[in-house]
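First the structure, in the form of structure tokens, and then the observations on it.
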Amino acid sequence: MIVIYMDNLICEVCNKSFDNYRKLNGHKSSHQDKRRGRSKKYIGIKSKYDVRKDRQNFHDCKFCGKIFETGSKLGGHVSHCPKRPDYEDLAKSRKFHCQRISKDPNTREKIRSSVKEYLIKNPNKIPYLKNHASKKSFPELIFEQLLIDNGITGWTYNFRVGTYIFDYAFPDLKLDIEIDGSQHKQPRLVEHDKRRDEFSRSLGWTVKRYEAKLVKDKSTHYTIIEEIKQLIKDLTPPCPEWPKGAAF
């Protein structure tokens with residue numbers, strides 16, 4: 001089928017041809033202020049369509065102008081943006097709410113116990129499992145290769161005990177080896193690691209922590225492996241002696 005385009009069915013802006021007036025008129029609406037028939041007083045002024053089109057992949061804060069990759073990140077920022085007019089009122093409200101909960105020790109203990117009970121019953125909801133990187137870190141890859149190269153076996157990566165996850169655990173020996181990055185020096189994480197170690201030791205586990213920078217340093221590899229071998233030797237129960245004169 002051959003379509004013959006009429007000369008009068010051509011867009012005056014982009015010179016595209018159309019075979020009927022309905023298609024031509026529908027196309028003209030895409031040019032907005034350039035299309036024929038629009039009032040001259042609106043020429044040069046962006047319409048709502050133009051604004052939406054320009055901001056399709058653009059996420060900026062209407063208060064401070066910061067740009068974000070996604071709309072969800074923008075939404076999290078807007079609620080705490082210091083340039084918003086009601087920022088001080090919102091800050092006071094949040095502060096009052098936190099103080100109201102923290103001042104009542106009974107309420108805090110009730111919340112803490114209920115959250116702990118819920119996480120024990122629903123381990124897939126544990127924040128660590130939801131927020132922690134699913135891939136092994138570079139220091140963990142180095143440490144794991146050290147164990148393999150030196151013939152150390154019996155360990156399990158990301159072994160769960162209660163609501164905690166152990167980096168490299170030897171379940172039979174109850175030995176937990178942790179590879180800590182620089183973020184573990186933050187006061188909040190120091191306190192968290194302290195509670196975690198107390199919980200592990202209460203169950204009979206031995207906890208050994210290595211800083212990530214030490215694991216990445218080749219000069220410390222020999223010392224680390226020797227320490228682990230000594231720990232394994234100390235924690236391995238002795239073999240029972242065969243009584244003298246007993247028949248095999």
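The values are calculated or read from the model by the stated rules, or taken from the named source; none is laboratory data. A quick note: this is a predicted structure, and the numbers were derived from the prediction, not measured. Glycine gets a Cβ as well: all are built from the backbone with ideal geometry, and neighbour counts include every protein chain shown.
Results, tabulated for the structure shown:
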| read-out | value |
| --- | --- |
| Selected residue (criterion: nearest to L146 (Cα to Cα)) from residues of segment 188-227 that are in contact (Cβ under 8 Å) with a residue 24 or more places away in the chain and among the hydrophobic types (A, V, I, L, M, F, W, C) | I225 |
| Candidate set from segment 83-132 (those that are of a type in the set (K, R) and more than 25 Å from the chain's Cα centre (by Cα)); member that is modelled with the lowest pLDDT | R100 |
| Cross-chain or 6+ apart pairs with Cβ under 9 Å, segment 17-36 first and acidic (D, E), then surrounded by 13 or more Cβ atoms within 10 Å (Cβ to Cβ) and modelled with pLDDT of 75 or more | D19/L9 |
| Complete set of residues in segment 22-32 that are at pLDDT below 75 and exposed (fewer than 13 other Cβ atoms within 10 Å of the Cβ) | S29 |
